Structures are given as C-alpha cells and as structure tokens.
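J.: Once you've had a glance at the structure underneath, I'll fire off some questions.
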Amino acid sequence: MNGFLIDLDGTLYRGHEPIPHAAAFIAWLQAERLPYLLVTNNSSRTPEQVADHLLALGIEVPAAAVYTSSQAAAQYLTEQRGVRQRVHMIGEAGLRIALEAVGFDLVETTPDYVVQGIDRSFTYGKLTEAVRHLKDGAAYVLTNPDRMLPSDGGLMPGAGSLAAAITAASGVEPVVIGKPSPIIMAYAIERLGLPAADVWVIGDNVHTDIRGGAVSGCRTALVLTGVATPDNVQEQLASAGLTPDLVCTDLQHFMDQFQTPAN
C-alpha cells in the first residue's frame with residue numbers, strides 16, 4: 001500500500017484557481033482507496049476552511065484529510081507542554097483555533113512560548129512584543145519558514161519573512177514546525193499509518209516539499225505547476241542539491257508514471 005502527502009498551493013491550486021488535473025487526481029486516490037493527507041505550511045486557515053476552499057474549486061476532500069502547520073505546531077507544543085501553557089501568538093484564525101483546541105492559554109504577558117505564523121496584520125508593535133518576550137526567556141516556535149507565498153496578485157511576504165525580523169532583533173532562533181522540518185513530516189506520516197518508505201510526498205517546491213520528503217525517508221515527486229516550472233526546474237534542483245524520485249509536468253503526468261505493482 002502506498003500513501004501520499006500532498007502539498008496544496010502550487011500543487012492543487014494557485015490562489016483561487018484550480019490547477020488542471022488536481023480534482024481528477026484526488027478523485028483517483030479516493031477511487032483507489034489510497035491513503036492521503038493534504039499537508040500545508042499555510043497556518044492561516046483551519047482544516048475546515050481549507051476543505052471549503054477546495055470544494056469551491058471543484059476538489060472535494062474531508063477536513064480530516066487536511067493537516068496544517070498550525071495543527072502540527074499545536075501537537076508539538078502539547079508534547080512539550082508540561083506545566084507550561086501560556087502562549088503569545090502572532091498569527092491568524094487557523095493558528096488561534098488550533099492552539100485553543102488543545103487547551104493553551106493565549107496571553108499578552110509573561111508567556112512560556114511565542115508561537116508565530118503568517119500574520120497579515122503584523123506591526124512594529126507586534127515585533128517589539130515578540131522580541132521582549134523572547135528576551136525574557138520565552139521559547140520561540142515558528143509554524144513554517146516560507147519567506148514568500150503566492151497570492152492572486154503575485155508573491156507576498158510569508159511567515160518566514162516575519163520570523164527573520166524577530167530572529168534578527170531577538171537573537172533567538174525558532175523551532176521550525178512546517179516543511180521541510182521533520183517535525184510536521186513525522187506527524188503526517190504517523191497519521192497515514194504507513195512506513196515512510198511507502199509514502200510519496202508530492203509538491204511544487206524543491207526546498208520545502210521535496211526536501212521534507214527526502215529527509216523523512218519518503219519517495220518524492222516534484223510537479224512543475226507552482227514554484228518549480230518547466231523553465232526553472234533545473235535551477236531549482238541545482239540550488240537545493242536534491243534529485244526527486246520523479247519530476248512531473250503535472251498531476252496527470254504523475255498518475256501516468258505511477259505504477260502500483262512497481263511501487
């Protein structure tokens with residue numbers, strides 16, 4: 001049995017536009033009863049919101065098939081917690097809901113942790129608060145390291161860009177949860193319930209999706225529909241120093257190459 005960890009933005013959709021063959025690919029997985037999980041570094045949405053977004057694009061998946069960096073951060077903190085449960089959050093609804101769901105107290109003063117994701121309302125004041133908490137001894141947890149993220153109007157700064165400012169000012173390096181971190185990969189593989197060697201990681205970003213799969217012992221397939229394109233793929237692979245198991249023009253190409261008896 002093979003399982004699949006699949007990226008979202010750049011793999012199944014671009015902003016509010018579905019990528020060709022994405023709906024057919026998900027339908028194929030479901031028809032073949034192949035276990036899969038949609039794994040995203042986006043910390044702004046809840047799994048339910050991700051499922052709604054996909055449904056609006058003609059891709060039907062249950063919310064339980066979505067795993068976000070916010071959920072992974074909450075799972076990581078739960079394992080670390082002990083008696084420490086005070087969190088100063090910099091982020092949006094997806095992160096807040098994930099943290100509250102596992103019982104963390106979101107506070108403005110004397111936190112045990114500063115947990116940061118994408119925050120499109122980030123200000124100098126928020127930067128100052130985060131730095132002061134870290135200087136006072138709070139631990140720093142970052143949902144994902146993405147410096148840039150795609151949007152309908154083009155690229156925009158991601159959670160990693162905000163983290164760069166916080167780290168530069170505080171001198172504190174965060175624990176990174178999202179891809180390519182082995183933290184989110186281990187949690188996702190555990191949810192599939194399969195050995196890593198039986199799992200395919202599919203995504204458009206060599207530095208996050210493919211590296212995350214490679215360091216976790218999974219097989220990897222790069223699709224050229226997002227960050228990686230037919231025009232830049234060789235440059236992307238060279239800069240990452242990685243060779244995926246498959247390089248596919250799109251998800252239909254992956255399905256065409258994927259042979260269940262040979263895998």
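The values are calculated or read from the model by the stated rules, or taken from the named source; none is laboratory data. Since the model is a prediction, treat every value here as computed from it, not as a measurement. Note that we place each Cβ from the backbone using ideal geometry, even for glycine, and neighbour counts take in every protein chain shown. Quick note on the areas: whole protein, heavy atoms, side chains included, nothing else; ligands and nucleic acids left out. Shrake-Rupley method; radii C 1.70, N 1.55, O 1.52, S 1.80 Å.
J.: May I ask you to verify whether Val39 is open to solvent by less than 50 Å² (accessible area, probe 1.4 Å), among the β-branched types (Val, Ile, Thr), assigned to a helix (DSSP H, G or I) and modelled with pLDDT of 95 or more? Don't jump to the end; show me each part of the working.
T.: Details: open to solvent by less than 50 Å² (accessible area, probe 1.4 Å): yes; among the β-branched types (Val, Ile, Thr): yes; assigned to a helix (DSSP H, G or I): no; modelled with pLDDT of 95 or more: yes.
Spelling it out, it is not the case that Val39 is open to solvent by less than 50 Å² (accessible area, probe 1.4 Å), among the β-branched types (Val, Ile, Thr), assigned to a helix (DSSP H, G or I) and modelled with pLDDT of 95 or more.
J.: While we're looking at this one, here's another question. When Ala197 is evaluated against the numbered criteria (1) within 30 Å of Pro20 (Cα to Cα); (2) under 17 Å from the mean Cα position of the chain (by Cα), which criterion, by number, is the only one it fails?
T.: (2)
J.: Are there any pairs, at least 6 apart or on different chains, whose C-beta atoms fall under 6 Å, with the first in the range 174-191 and among the β-branched types (Val, Ile, Thr) and the second open to solvent by 10 Å² or more (accessible area, probe 1.4 Å), and if so, which?
T.: Val176/Pro145; Ile177/Tyr76; Ile177/Ile183; Ile183/Tyr76; Ile189/Ala196
J.: Would you check if there is a residue in the range 194-203 being modelled with pLDDT under 95, hydrophobic (A, V, I, L, M, F, W, C) and crowded, with 24+ Cβ neighbours inside 10 Å?
T.: No, there is no match, as no residue in the range 194-203 is modelled with pLDDT under 95, hydrophobic (A, V, I, L, M, F, W, C) and crowded, with 24+ Cβ neighbours inside 10 Å.
J.: Is it true that some residue in the range 130-151 is β-branched (Val, Ile, Thr) and open to solvent by 60 Å² or more (accessible area, probe 1.4 Å)? Before the answer, list the steps.
T.: Step one: list which residues in the range 130-151 are β-branched (Val, Ile, Thr), which gives 131, 141, 143.
Now drop any that are not open to solvent by 60 Å² or more (accessible area, probe 1.4 Å), which leaves none.
For the range 130-151, residues β-branched (Val, Ile, Thr) and open to solvent by 60 Å² or more (accessible area, probe 1.4 Å): absent.
J.: Hey, another quick one. Do we have any residue at all in the range 82-90 that's among the hydrophobic types (A, V, I, L, M, F, W, C) and in a loop (DSSP other than H, G, I, E, B)?
T.: Initial filter on the range 82-90 (among the hydrophobic types (A, V, I, L, M, F, W, C)): 83, 87, 89-90.
Keeping just the survivors that are in a loop (DSSP other than H, G, I, E, B) gives 83.
Yes: one or more hits.
J.: To continue, here is another question. What's the number of the only condition in (1) buried (at least 18 other Cβ atoms within 10 Å of the Cβ); (2) closer than 24 Å to Ile59 by Cα that Gln257 fails to meet?
T.: Condition not satisfied by Gln257: (1).
J.: Tell me, yes or no, whether the range 168-184 has at least one residue that is over 21 Å from Val66 (Cα atoms), open to solvent by 10 Å² or more (accessible area, probe 1.4 Å) and modelled with pLDDT under 95.
T.: no
J.: Report whether or not Arg45 is open to solvent by 10 Å² or more (accessible area, probe 1.4 Å), over 23 Å from Ala186 (Cα atoms) and either within 13 Å of the chain's Cα centre (by Cα) or in contact (Cβ under 8 Å) with a residue 24 or more places away in the chain (or both).
T.: Spelling it out, it is not the case that Arg45 is open to solvent by 10 Å² or more (accessible area, probe 1.4 Å), over 23 Å from Ala186 (Cα atoms) and either within 13 Å of the chain's Cα centre (by Cα) or in contact (Cβ under 8 Å) with a residue 24 or more places away in the chain (or both).
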